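Trainee: Structure below; questions to follow.
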Amino acid sequence: MYNFVTSFHKQHEEVYGLKMLDSVVKKWKPTDFKLHVYLEGYDGKSDGLPEADFIEYRHLENIQARTDFITRNSDKNGRFGEAPYNYRMDAVRFCHKVYAMSDLFFELLDAGSQDWMVWLDADTLTKKMFKAEDAAKILIPEVDIVHLGRIDIDYSETGFIGFNLGMHNACSLLVDLRGAYDTDEVFAYREWTDAFVFTRLLKIYEAHGAKARNLSEGVRGLSVFDQCMLDDYFTHNKGNLKLEASANPELSKDMPADAKQGPQRYKKLAALVRHYSEGLNTFSIVETGTWNGGRAIEMALTAFENVDTVHYRGFDLFEQATEETDAVELNVKGHNALTAVTERLEHFKERSAAAGKKFTFKLYSGDTKETMKGLRYDDVDFVFIDGGHSLDTVTSDYSFVKDCPVVVFDDYYSTQDNKELPEEHTGIIKTFAAIEKRNKNILPSEDPTAFGGIVHLAVCVKEDYKKIPAELTRVPIIVKPKDSMPSEHIKKSVTENIAKIDDWDWVKQYKTTDDHVMIVSGGTIDFDKVRETQKKYNAKIWCVKHSYPRLLKEGIIPDACMILDPRSIDGISTHGIKRKDLFKDMNKDTTFYIASMTDEGVVDYILERTDNVKGFHAFTDALRDEAITDKFVIDSKLGITHGSSLVSGGTASATRTLGLLELLGYRNIHLFGFDCSVPEDAVKKDDKDEMGNPRYMNVEIGGEKFWTTGELLALAQDLEKLFERRDYTLSLSFYGEDTLAAAVWKGGYYNNNVVTFEEYTNA
């Protein structure tokens, strides 16, 4: 027997609830399944919903713990004053799934069930007969959990989750998931959606040996349900697709848009739009491969920085796409209905008008080799080709727009280590190579492909037109850090420190707090500004080992000091200081947060001078069980307690401090002493590192040049990723100027009033 569970609100009955139930009644084998439907907003038991022996209706309102959660957290609804609605912080909206699943789970557990329990979103339709033998292909007995992982965002799509109730890990994870909401622990997470919390718990359980089956392994995109084996049986009308049959625009008003954590090359696409729309009165865009309309909106929003009017024409197969066209055109994404995308763009048009901007659009459905014929393109400013990827289609698409001033191709592939590119992925390369009498450039990228290569934007511009911005064509210096000590040394340190300091107060997750914290790193520090900020916000001060003695010398006593160094206490630090000297003076009021991977000599040295110590486990590849190569699992011999949090955040203590503070519930963070560069007068240009390479390098960002080292550049890369994240719940403030880190901050999201699509549409 397979127990399925779903839920929907009365207002969504006509939109998708009834359709899902009708398809279940018609196409599920009744003796193989039990479907438990949790209803919300219904007066009667089922109010005329389809009746079947294997369908049981329940009411979410009867789950008292859910009611209590919503009552005490009614303000945790994604709305914060005048700020745009943020669905990632809407715990009320996303708690229903957790309470429905866990309510059924506890009942099945009490009954001694060892069957599978599966969550299935109510916006799914069953396409063909579904029997136990079909379910058995998906829910294999040797795994604990089945889920839909995603490459392009760091949490699973939770339209389908299977729990093997005969497995301890699956049951324990469900208990922890429910507990995160019952205890309000959910608010210690970066995001408060069920998908985010589930995935974070899953990663912890996997690290400790839980077996999970990812049905969407290797699948790109944000909607992966319909790109895996589930597509054989179900259609998932996620997001805008579920609105196709609805004429009620109110239902879409607060619908979350696509996650904004996508490939980094699209930042360069935005930069191109920004560059080529500058100085114009209107901006006209043509896109092949409109998909769900999200990219069209993002390009329009960027152009609106310079112009008040944007005209858009989009070409796509939409619902005319088939498995055959997907195979020919190398499409791996789900399909969107023309009516749904039209509705989405109409909504954007209305929002644009309310903001004093004009957006016009026209969509063409069908094969672009036909739909692009006979149209004028002499008024087009910018073309983005991202439709079919076959040589015939790409060549045809370009032939229509070849006289337009700027044409950008997506999905130009390259390989690493001189590997041969699969022939089917060469269509864009061959088309681009054949283009003559245009300025051409393949923009550097780090976006990976599913087959192990890199995917780029390829740009061609008319010879007499504005040149491609130089900063988009420069090849970045990429530093790939590694642990400063061998894995065995780190493992030994972890084991010995755990045994030695088992009475420490080990860090756990805490509830979020509005308190402010300052992180003082080891670079240039404006101590007066530190004092001013501390007083203004009543802020705590956290520091790293290099800034600790400097703060004490200034009469500033840090509340905490982060220690993360697997190297010997007797050695010389990266700043050229004896490590022992950094701890010569220690104030009793400073709490030392020490990673278990820290060299035992450092731990001993600190413990001799203070007992004000807390421990935490830092994520490092050295913790890996080397016998398991296909995923990261903690080596059980290390003694790390099941359920412990591993603090990530980058290569340096300063950025790991951010990760630790997030774990501790802090969200308001002020950054001091983050330089990532060295003053030119301190640079010894003939200095070599331990490998005999030049110690210092000259890098450029935003037209500014800085001297730095490999270590400092790695820190700058960590900061760049942090400053660009739009999904972080941290509120960051940066203090400092004329440094590499300051230049990175200038170009980051936190320092720019960038309106994202979800913010715009949910304002």
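The values are calculated or read from the model by the stated rules, or taken from the named source; none is laboratory data. Every value quoted in this text rests on a predicted model; they were computed, and no experiment measured them. Because the Cβ atoms are built from the backbone with ideal geometry, glycine has one as well, and the counts that use them run over all protein chains shown.
Trainee: Checking the structure you have, find out if any residue of the range 139-150 is in contact (Cβ under 8 Å) with a residue 60 or more places away in the chain, in contact with a strand residue (DSSP E or B) (Cβ under 7 Å, 6 or more places away or on another chain), surrounded by fewer than 16 Cβ atoms within 10 Å (Cβ to Cβ) and assigned by TED's automatic domain parsing to the domain that holds residue 54.
Mentor: Yes; the residues of the range 139-150 include at least one that is in contact (Cβ under 8 Å) with a residue 60 or more places away in the chain, in contact with a strand residue (DSSP E or B) (Cβ under 7 Å, 6 or more places away or on another chain), surrounded by fewer than 16 Cβ atoms within 10 Å (Cβ to Cβ) and assigned by TED's automatic domain parsing to the domain that holds residue 54.
Trainee: Pick out the one residue from 305, 319 that is surrounded by fewer than 24 Cβ atoms within 10 Å (Cβ to Cβ), on the phi < 0 side of the Ramachandran plot, assigned to a helix (DSSP H, G or I) and under 29 Å from the mean Cα position of the chain (by Cα).
Mentor: Within the list 305, 319, the selection yields 319.
Trainee: What is the residue count in the range 322-357 for residues that are at pLDDT below 85, in contact with a strand residue (DSSP E or B) (Cβ under 9 Å, 6 or more places away or on another chain) and in a helix (DSSP H, G or I)?
Mentor: 1
Trainee: Tell me yes or no: at least one residue of the range 368-387 is outside the structural domain of residue 124 (by TED's automatic domain parsing), surrounded by 14 or more Cβ atoms within 10 Å (Cβ to Cβ), at pLDDT below 95 and among the small types (Gly, Ala, Ser).
Mentor: There is at least one residue in the range 368-387 that is outside the structural domain of residue 124 (by TED's automatic domain parsing), surrounded by 14 or more Cβ atoms within 10 Å (Cβ to Cβ), at pLDDT below 95 and among the small types (Gly, Ala, Ser).
Trainee: With the condition being charged (D, E, K, R), I'd like the strands (runs of 3 or more DSSP E) fully within the range 73-177 carrying at least 1 qualifying residues.
Mentor: 157-164
Trainee: Here's a follow-up. Could you count how many residues in the range 392-418 are part of a helix (DSSP H, G or I) and in contact with a Ser or Thr (Cβ under 7 Å, 6 or more places away or on another chain)?
Mentor: Total meeting the criteria: 6.
Trainee: Look at the range 386-426 and say how many of its residues are within 20 Å of residue 324 (Cα to Cα) and of a type outside the set (Asp, Glu).
Mentor: 12
Trainee: Continuing with the same structure: If a residue must be under 10 Å from residue 519 (Cβ atoms) and small (Gly, Ala, Ser), how many such residues does the range 651-667 contain?
Mentor: 2
Trainee: Out of 110, 123, 115, 134, I need the residue that is out of contact with any Asp or Glu (no Cβ under 7 Å at 6 or more places or on another chain), crowded, with 20+ Cβ neighbours inside 10 Å and not polar (S, T, N, Q). Which one?
Mentor: Selected residue: 123, the only one of 110, 123, 115, 134 that is out of contact with any Asp or Glu (no Cβ under 7 Å at 6 or more places or on another chain), crowded, with 20+ Cβ neighbours inside 10 Å and not polar (S, T, N, Q).
Trainee: Assess whether residue 354 counts as being of a type in the set (A, V, I, L, M, F, W, C), under 28 Å from the mean Cα position of the chain (by Cα) and surrounded by fewer than 22 Cβ atoms within 10 Å (Cβ to Cβ).
Mentor: Answer is no for this residue.
Trainee: In the set 762, 753, which member is of a type outside the set (Gly, Ala, Ser), at pLDDT below 60 and exposed (fewer than 15 other Cβ atoms within 10 Å of the Cβ)?
Mentor: After ruling out the rest, the residue left standing is 753.
Trainee: State the number of residues belonging to the range 598-639 that are closer than 12 Å to residue 493 by Cα, out of contact with any Leu (no Cβ under 7 Å at 6 or more places or on another chain) and not in a helix (DSSP H, G or I).
Mentor: So the answer is 2.
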